[in-house]
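A short worksheet on the structure shown next.
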Amino acid sequence: MFLTNAPKVQLLCNPLWENSNIQLSMLRLDQVHPVVSGNKLFKLKRYLQQALAGKIQTIVTFGGAYSNHLVATAFSCQQSGLKSVGLVRGEKPDALSHTLRQCLQYGMQLQYLPRGEYREMSAQPDAGVWTEKFGEQILVPGGGFGRDGMLGAEEITGLVDMKQFTHVCVPIGTATTFAGLVSHPDGKYSVLGFPALKNMRDIEDRLDMLAVNRNHPFQIISDFHFGGYAKTSSGLFTFMNSFFEMHGIALDFVYTAKMMFGVEKLIQADYFGKGATILVVHTGGLQGNLSLRPGVLNF
Ligand SMILES: *Cc1c(COP(=O)(O)O)cnc(C)c1O
């Protein structure tokens with residue numbers, strides 16, 4: 001559904017892993033669409049289908065001012081002929097972020113919620129609260145975190161022959177995509193999740209909430225958040241620039257760059273063992289880089 005390109009699995013070359021007889025490939029979800037790249041379209045798919053099947057015209061969801069999820073919702077609703085409402089964390093800023101401007105371009109109605117209210121509303125999404133204001137709707141939890149989001153994410157692995165991999169690496173925000181990889185029945189891979197948030201200790205609970213079949217062993221690698229969600233450092237930008245130089249692939253600074261930095265560190269520490277075949281999932285999100293100061297990235 002509105003993927004302009006089927007995602008490719010790209011083999012990456014670097015003596016760092018080739019010398020250890022490790023094969024590293026990247027699933028390029030960043031290429032599925034020029035603007036709304038990545039995992040978000042997959043997570044949204046079933047919510048959109050429910051709306052269309054039930055003749056419900058509106059999708060309401062939550063997100064911050066830089067949320068890839070909000071843009072993906074705005075875009076995919078526009079493509080599907082649905083209305084979209086974004087409940088945005090915090091007061092309306094004087095200057096809208098690139099992300100929010102893009103949401104408006106795709107026809108999303110934005111409603112700003114004070115942080116406390118946002119926290120409460122998004123923790124226990126209750127469609128009833130918004131019916132009066134926005135009409136009959138499908139309320140999608142922030143980041144698509146829900147069983148339907150997970151089943152959509154699981155379809156990502158359906159696009160690839162997973163039997164060829166010993167390890168699959170993915171960044172973690174809400175852990176919905178991670179859960180989809182753990183639940184996918186094919187192959188014998190282990191899943192490594194790289195949280196983009198500091199002190200994320202509830203990932204097991206999240207798997208329970210999503211009623212995940214634990215079909216694969218998994219490991220949470222929590223050392224590579226770089227100080228917390230969306231925090232940066234010059235070392236991170238240097239890594240992103242040299243990764244781009246070497247592979248011609250742009251990473252986003254919130255999720256995929258931190259994961260990839262971590263994967264390289266684990267390879268250096270001999271975490272994977274000789275003969276490993278690793279798949280890293282490029283979950284997209286490149287629009288987020290537009291919030292950085294011009295010039296820090298060479299791409
Ligand atoms: C949202 C997002 C994630 C996190 O996905 P979850 O399913 O919420 O864990 C990872 N990478 C990118 C680029 C994202 O935009």
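The values are calculated or read from the model by the stated rules, or taken from the named source; none is laboratory data. The shown structure was predicted, so the numbers you read here are calculated from the model rather than taken from an experiment. Because the Cβ atoms are built from the backbone with ideal geometry, glycine has one as well, and the counts that use them run over all protein chains shown.
Here are a few things to note about the model shown:
- Flag if Ile138 is within 16 Å of the ligand (Cβ to nearest atom) and in contact (Cβ under 8 Å) with a residue 40 or more places away in the chain: no
- Of all residues in region 149-167 being outside any loop (DSSP other than H, G, I, E, B) and more than 15 Å from the chain's Cα centre (by Cα), the one that is surrounded by the most Cβ atoms within 10 Å (Cβ to Cβ): His167
- When Phe178, Phe237, Phe253, Phe194 are checked against the criterion of being crowded, with 21+ Cβ neighbours inside 10 Å and farther than 25 Å from Ala276 by Cα, Phe253 stands alone in meeting it.
- Only listed residue being farther than 14 Å from Val170 by Cβ and at pLDDT 95 or above, chosen from Leu197, Leu251, Leu207: Leu197
- Lone unmet requirement of (1) under 17 Å from the mean Cα position of the chain (by Cα); (2) away from the ligand (no atom under 16 Å from the Cβ) for Thr176: (2)
- Condition check for Thr283: under 16 Å from the mean Cα position of the chain (by Cα) and under 26 Å from Gln164 (Cα atoms): yes
- Matching residues in region 284-299 - criterion: being closer than 22 Å to Leu16 by Cβ and of a type outside the set (A, V, I, L, M, F, W, C): Asn298
- Hits in region 56-75 (condition: outside any strand (DSSP E or B), surrounded by 24 or more Cβ atoms within 10 Å (Cβ to Cβ) and more than 10 Å from the ligand (Cβ to nearest atom)): Leu70, Thr73, Ala74, Phe75
- Hey, Val182 touching a residue at least 12 places away in the same chain (Cβ under 8 Å), assigned to a strand (DSSP E or B), in contact with a strand residue (DSSP E or B) (Cβ under 6 Å, 6 or more places away or on another chain) and not hydroxyl-bearing (Ser, Thr, Tyr) or not: no
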